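Shown next, in structure tokens, is the structure this report addresses.
The values are calculated or read from the model by the stated rules, or taken from the named source; none is laboratory data. Predicted, not measured: the structure shown is a model, and the values here were computed from it. Note that we place each Cβ from the backbone using ideal geometry, even for glycine, and neighbour counts take in every protein chain shown. Quick note on the areas: whole protein, heavy atoms, side chains included, nothing else; ligands and nucleic acids left out. Shrake-Rupley method; radii C 1.70, N 1.55, O 1.52, S 1.80 Å.
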Amino acid sequence: MTYKVTLSYSHVTLLLREGERMNDSTDNRNIVVDLDKANLFVPYHIALMEQEAYTGTEKMVYLALKSFAINSSACYPSQAKIMKRANIKSNSTLSLTLKSLEEKGVITIVPEFDETGRRKSNTYYLSKLNHETGLFITESLEYIKRKKLVADAQAKQLKQGSRKGVKKAI
């Protein structure tokens, strides 16, 4: 008897001896899975490869972000990690590419803050891909754009507060 157990990054086959039963969610067996990063991949759809609406750099940055969001539509990697996976050497190239992807509706970038108002990493939300056309379904992120408006207002307020603090110190 073979059972397939789906985990977040891989399909794992649990082999049981003949006659053994697995009691669905009540089975208390420990399953050890070694998820080898070398075996993980991000699908690069042919329609996206051939789509001329996006530059090669934009496609690589999207794929890098998707690699951090394997089973999700959101991720929060550092810019250094994105640059490494997308093979980008310049911070300005990455910044311009992220801005372009956001303007095209491929991603939505939401700045995150801790409870004291200090800046944390960005969360990158990825639009769904239409596999037939290679275009992104920008409407798939409408619910996130409201969160971004709040985060942008908070960021603006924090910047104004820090500028006032600098002026007072001078």
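Among the residues of segment 132-142, which ones are in a loop (DSSP other than H, G, I, E, B) and either among the hydrophobic types (A, V, I, L, M, F, W, C) or closer than 18 Å to Val61 by Cα (or both)?
Of everything in segment 132-142, those that are in a loop (DSSP other than H, G, I, E, B) and either among the hydrophobic types (A, V, I, L, M, F, W, C) or closer than 18 Å to Val61 by Cα (or both) turn out to be Gly134, Leu135.
Looking at this structure, is Arg85 open to solvent by 50 Å² or more (accessible area, probe 1.4 Å) and within 14 Å of the chain's Cα centre (by Cα)?
Criteria met by Arg85.
Residue-by-condition table, conditions (1) within 13 Å of the chain's Cα centre (by Cα); (2) surrounded by fewer than 19 Cβ atoms within 10 Å (Cβ to Cβ); (3) of a type in the set (Gly, Ala, Ser):
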| position | (1), (2), (3) |
| --- | --- |
| Leu48 | no, no, no |
| Lys81 | yes, yes, no |
| Thr93 | no, yes, no |
| Leu98 | yes, no, no |
| His131 | no, yes, no |
| Lys147 | no, yes, no |
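Could we say that Lys148 is under 30 Å from Leu40 (Cβ atoms) and of a type in the set (Lys, Arg) here?
When the stated conditions are applied, Lys148 passes them.
In segment 56-90, how many residues are out of contact with any strand residue (DSSP E or B) (no Cβ under 8 Å at 6 or more places or on another chain), touching a residue at least 12 places away in the same chain (Cβ under 8 Å) and either in a loop (DSSP other than H, G, I, E, B) or at positive phi (or both)?
Here the count works out to 4.
Please specify each residue of segment 100-129 satisfying the condition of being in a helix (DSSP H, G or I), open to solvent by less than 60 Å² (accessible area, probe 1.4 Å), over 24 Å from Gln160 (Cβ atoms) and not aliphatic (A, V, I, L, M).
Within segment 100-129, just Ser100 meets the criteria.
From (1) in contact with a helix residue (DSSP H, G or I) (Cβ under 7 Å, 6 or more places away or on another chain); (2) at pLDDT 95 or above, pick out the condition that doesn't hold for Ile109.
Ile109 satisfies all of (1) in contact with a helix residue (DSSP H, G or I) (Cβ under 7 Å, 6 or more places away or on another chain); (2) at pLDDT 95 or above except (2).
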